[in-house]
Amino acid sequence: MSGIRGKVIALTGASSGIGEAAATYLAERGACLVLGARRQDRLNAVVERITAQGGLAVGVVVDVTRRDDLKQLTETALDRFGRLDVLVSNAGTMAVSSFDELRQDDWDSMVSTHITGLLNGIGAALPVFRQQRSGQFVNIASTAAYVVKSPQTVYAATKTAVKVLTEGLRQESGPDLRVTLVSPGFTDTEGVGKGAPEPAAAALARKRDEIAMPPSAIASAIGYAIEQPDGIDVSEIVARPTVQA
Ligand code: NDP
């Protein structure tokens, strides 16, 4: 099946930013969406807006660090729409800090959200994709997976892990599955530097305000990878503002 119309797409981190923009973009093109995030009020607002505009979306409260929650997300896709065509693993957190600040809870959170969260999604969706003999993983990394800039080291390490896991998964996926890595540069979302201590939070917010691209740029990159014909695997997209070094 090529295109976006009619595809059943589960997407994590859909309550704001890139995930919300991607949900909107995909809904406008006729996808059947199963949207996950932790903040139920924000998630409901996204689902209600999409539905009011004639789109098809259901929301599931999901914490990607919890294996059962990802199972619930994929099972909702099967219950409501009878199949799962794409899992977009987008949930993320950018609480960056320098090592001396010893923000070990933030380190843990980035490791568990980006690495364990991605693995939980693979664990939930891969058996479904194998049984269907079709499916696509779209994993969201970052330009930080290509270049380390302190104090983003732990964030960059976890996003590098997303890139490595995606490439290994692609190598094992065989002819029936597609595996895509999308790596955004600075994107105008509330997540930039959220939860980071000062001065990192203010520096990131300033940079976002100066150079960031709109989240719709990443939404269309995700859409491009999904809409290709079955036999075409867009393995990797890196999209950054031209002014980002
Ligand atoms: P946002 O903060 O706007 O979005 C992050 C989303 O992830 C929210 O919907 C949040 O929802 C969700 N989320 C966070 N933790 C969890 C969790 N444990 N379980 C489920 N959902 C979770 O930021 P962005 O849109 O910018 O970030 C989206 C992705 O893009 C992230 O992976 C980020 O690393 C990546 N990225 C962003 C860039 C940027 O410049 N904005 C650049 C490069 C990559 P909730 O809190 O409701 O759970």
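Odds and ends about this structure:
- Selection status of T158, touching a His at 6+ places or on another chain (Cβ under 6 Å) and either at pLDDT 95 or above or more than 25 Å from P241 (Cβ to Cβ) (or both): yes
- Filter result for L165 (under 25 Å from P214 (Cα atoms) and either of a type in the set (D, E) or crowded, with 19+ Cβ neighbours inside 10 Å (or both)): no
- Here V162 passes the criteria (1) in a loop (DSSP other than H, G, I, E, B); (2) under 19 Å from T187 (Cβ atoms) except the one numbered (1).
- Close pairs from the range 186-215: first part of a loop (DSSP other than H, G, I, E, B), partner of a type in the set (F, W, Y) and near the ligand (Cβ under 9 Å from one of its atoms), Cβ under 6 Å, at least 6 apart: A212/F186
- Which numbered condition G231 misses (of (1) surrounded by fewer than 20 Cβ atoms within 10 Å (Cβ to Cβ); (2) farther than 22 Å from A95 by Cα; (3) modelled with pLDDT of 95 or more): (3)
- Condition check for A14: near the ligand (Cβ under 8 Å from one of its atoms) and closer than 26 Å to S183 by Cβ: yes
- Those strands (runs of 3 or more DSSP E) of the range 35-141 in which 2 or more residues are buried (at least 20 other Cβ atoms within 10 Å of the Cβ) and within 13 Å of the chain's Cα centre (by Cα) occupy 86-89, 135-140.
- Of the residues T51, T113, the single one that is under 23 Å from V182 (Cα atoms) and either within 14 Å of the ligand (Cβ to nearest atom) or polar (S, T, N, Q) (or both) is T113.
- When E236, E190 are screened for being modelled with pLDDT of 95 or more, surrounded by fewer than 16 Cβ atoms within 10 Å (Cβ to Cβ), charged (D, E, K, R) and touching a Ser or Thr at 6+ places or on another chain (Cβ under 8 Å), only E190 passes.
- Selection of the range 17-47 for residues being within 15 Å of the ligand (Cβ to nearest atom) and either more than 26 Å from M213 (Cβ to Cβ) or at pLDDT below 95 (or both) yields V34, Q40, D41, N44.
The values are calculated or read from the model by the stated rules, or taken from the named source; none is laboratory data. As the structure is a prediction and not an experimental result, all values here were calculated from the model. Please note: Cβ atoms are built from the backbone with ideal geometry, for glycine as well, and neighbour counts cover all protein chains shown.
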